[in-house]
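Beneath this line is the structure, given in C-alpha cells, with notes to follow.
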Amino acid sequence: MSLQPKGLPSVPERTAAVARSAFPKGSLPIRVRDRLAEVFADEPYADAFGVRGAPGMSPAVLSLVTVLQFAENLTDRQAAAMAVRAIDWKYAIGAELTDTGFDHTVLTRFRARLAEHAERTEIFLGQLGTTRKTERTRLHADYDRALRVVDEIDAASTMDEESA
C-alpha cells in the first residue's frame, strides 16, 4: 500500500446538497468536517506508508472515520457500513452518494499501521484531543448561550407577571 497525500477530498456537490437537506441543523459528522477538516491531513502519516504499490485509502479519511467511530461507539464493521449508508458520514469523508465504501478490515489494518509507527499514533491522538477540545469548547458555548436565553425568558416572565 502506498500513500499519495491528498488529505480529505472535497465534498461532492450532490452529497453536500442532500446532506444539508437531510440535516438542516447539521450533525456530528457534518460539524466535524466543517469545523475540523484541517486537522485531518495525510502528510503526518507519510512515514507509515510506502511510496510504491497500489494507493491505499487516505489516512486523513481513515482518521476521520476512526474519530466518528469512536464518537458513536461503533465496531469496525458498523463504521464501514456507516460510510456507505449514512449521508452525513459520506459528507464528512467527501464521498459521492454512490460510493460503495470500503471493507471494515481497512480500519483494523490502519490502526495496526499506527501501532507500528508510534509517532503517527501520537499525531493521531493529538488530533483526537483537538477534536474533543474543540467540541467541548463548542458545547460550553452552546450551554452558556442556552443559560442566557433561559435567564432572559425568566426575566421577561417576571416582568410580565409584575405588570399584570
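The values are calculated or read from the model by the stated rules, or taken from the named source; none is laboratory data. Small disclaimer: the values here were computed from a predicted structure and weren't measured. No Cβ is skipped: glycine too gets one built from the backbone with ideal geometry, and neighbour counts run over all protein chains shown. In case anyone asks, the SASA skips ligands and DNA or RNA and just uses the protein heavy atoms, side chains included. Shrake-Rupley method; radii C 1.70, N 1.55, O 1.52, S 1.80 Å.
For (1) among the charged types (D, E, K, R); (2) crowded, with 21+ Cβ neighbours inside 10 Å, each residue gets a yes or a no:
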{"position": "A81", "(1), (2)": "no, no"}
{"position": "A92", "(1), (2)": "no, yes"}
{"position": "T98", "(1), (2)": "no, no"}
{"position": "G101", "(1), (2)": "no, no"}
{"position": "R111", "(1), (2)": "yes, no"}
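Residues in the range 9-32 that are under 19 Å from E96 (Cβ atoms) and either of a type in the set (D, E) or open to solvent by 30 Å² or more (accessible area, probe 1.4 Å) (or both): P9, S10, V11, E13, R14, A17, V18, R20, S21, A22, F23.
Given the residues L74, L68, which is the only one that is under 17 Å from the mean Cα position of the chain (by Cα), assigned to a loop (DSSP other than H, G, I, E, B) and at pLDDT 90 or above?
Values: L68 fails: assigned to a loop (DSSP other than H, G, I, E, B).
The match here is L74.
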